[in-house]
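The values are calculated or read from the model by the stated rules, or taken from the named source; none is laboratory data. Fair warning: this is a prediction, and the values are worked out from it, not measured in the lab. Cβ coordinates were reconstructed from backbone atoms using ideal geometry, including for glycine residues, and neighbour counts include every protein chain displayed.
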Amino acid sequence: MSGDERISLSEAARRAGVSPSTLTRWADEKIVPVKKGRWTPVTAAQARVVARMRERGHSLAELKRAVKEGRLAFGFSEEYFADRSEWVSIPEASEQTGLTESLIERIMTILGTPAGREPSLSAVDVDALGRLSRVAEAGLPIEALVQLIRVYAQSVRRIADAEVRLSHLFVHEPMMRDGLSAIEMAQELGSMVESSYPESVPLFEYLHDRYVRFFIEQDLVGHMEDEFGSDSEIGEVRITMCFIDLTGFTRFTAEEGDAEAFSTVERFTEAVEETLPPEANMVKSIGDEVMVVSPDRRSLVEWAVGFLALFPDRPKPRVGIHFGSVVFRDGDYFGGQVNLAHRVVNRALGGEVLVTDAVAASIEGHEDLALDGIGEVELRGFPKPTPLFLVHGRE
């Protein structure tokens, strides 16, 4: 969106969704900054943001102050991503794509636009649904397709959130502190979006291809070593699960403050990512806790013992590791065996690696690691006691 391109008042009003008289009044009151009386796509987009804020109940005085301070300057960037294609009904989309109406409604709900709120689809939506239809025709079952869509949506939503928030924190706010005018900020931010966005899709493709190769290899390893000939149900995998968290983290936060606690978690998470064995994968992090999975029990235990040695001071990490059949769904792992692994880490002390007997068997006779059985331990939610072993380096 070029900041120098000139458009007419009527075109600016059309893009903003208000009347020309309203737009002129906003310009006169400097609610919408217009440079030398020239209307541009940037100022029209700014006016569109103002119109939306008015619909949300903000007064003209509030908006005038926000525009003057540049707080709305980044909002115009959505114009760059606006979908101006024609709209069709869900039955029409179903006819064009071959997907059932119920499946389309299910997909749009996952994407955050349920049919009850938005009963129509744009041509861009229909094109995307057509691509999904071709994926289904290639042989991917509908339930697997829905899970894949959900993972994509959750992941890309997080990516988009990070893109906008980081741009705001590291680009927009410094401009505000430097005293740039609203028009200058809007033009600078527009140039940044125009320059950076075309690079994001190729970057995503590169990362996607890189990780698909990685997980294809891990899938092959899993089948050859642990899953081959197993009696797992469809949708289940046999894998090693590892939970790591920081002991006493709540007290540490209260004593040291949120900023120090956040830095500690960030260093902890980065250390996990940087040191994991190649075949392992960090599934998620929630606060001070991280979940890791791997097809290789032995290497994961070796890593865990070495990892804890990196943290001699509080809050010390602790590790619980278990191996079993779990349900894979929406890019995550679920089931009783996952819960058991989580219960194991809760029984460990800071600086300890606790493993179940299913994992201990893989490191018996290890030249560098030793096992100390601590007996059969009752874990909350499990009727039978679980044999647990403490793993440590040999003296």
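Applying the set (1) buried (at least 20 other Cβ atoms within 10 Å of the Cβ); (2) under 18 Å from Arg298 (Cβ atoms) to Ala261 leaves exactly one unmet item: (2). Of all positions in segment 361-368, none carries a residue that is buried (at least 18 other Cβ atoms within 10 Å of the Cβ) and at pLDDT 90 or above. Selection of segment 371-391 for residues being surrounded by fewer than 16 Cβ atoms within 10 Å (Cβ to Cβ) and either without any contact (Cβ under 8 Å) to a residue 12 or more places away in the chain or not in a loop (DSSP other than H, G, I, E, B) (or both) yields Asp372, Gly373, Ile374, Gly375, Glu376, Val377, Glu378, Pro383, Lys384, Pro385, Pro387. Looking at segment 247-290, which of the residues that are among the acidic types (Asp, Glu) and under 22 Å from Phe334 (Cβ atoms) is modelled with the lowest pLDDT? Ranking the candidates gives Glu279 first. Does at least one position in segment 160-167 carry a residue that is surrounded by 13 or more Cβ atoms within 10 Å (Cβ to Cβ), among the charged types (D, E, K, R), assigned by TED's automatic domain parsing to the domain that holds Leu99 and in a helix (DSSP H, G or I)? Checked against the condition, which is being surrounded by 13 or more Cβ atoms within 10 Å (Cβ to Cβ), among the charged types (D, E, K, R), assigned by TED's automatic domain parsing to the domain that holds Leu99 and in a helix (DSSP H, G or I), segment 160-167 yields at least one hit. Only one of the numbered conditions (1) of a type in the set (Gly, Ala, Ser); (2) surrounded by fewer than 16 Cβ atoms within 10 Å (Cβ to Cβ); (3) touching a Ser or Thr at 6+ places or on another chain (Cβ under 8 Å); (4) modelled with pLDDT of 85 or more is violated by Ser294, and that is (2).
Filtered by the rule that a residue be more than 27 Å from Ala309 (Cβ to Cβ) and either β-branched (Val, Ile, Thr) or within 21 Å of the chain's Cα centre (by Cα) (or both), segment 319-332 gives Val326, Val327, Phe328, Arg329, Asp330, Gly331, Asp332. Screening Ser133, Ser122 for residues that are touching a Lys or Arg at 6+ places or on another chain (Cβ under 9 Å) and surrounded by 14 or more Cβ atoms within 10 Å (Cβ to Cβ) leaves exactly one candidate, Ser122.
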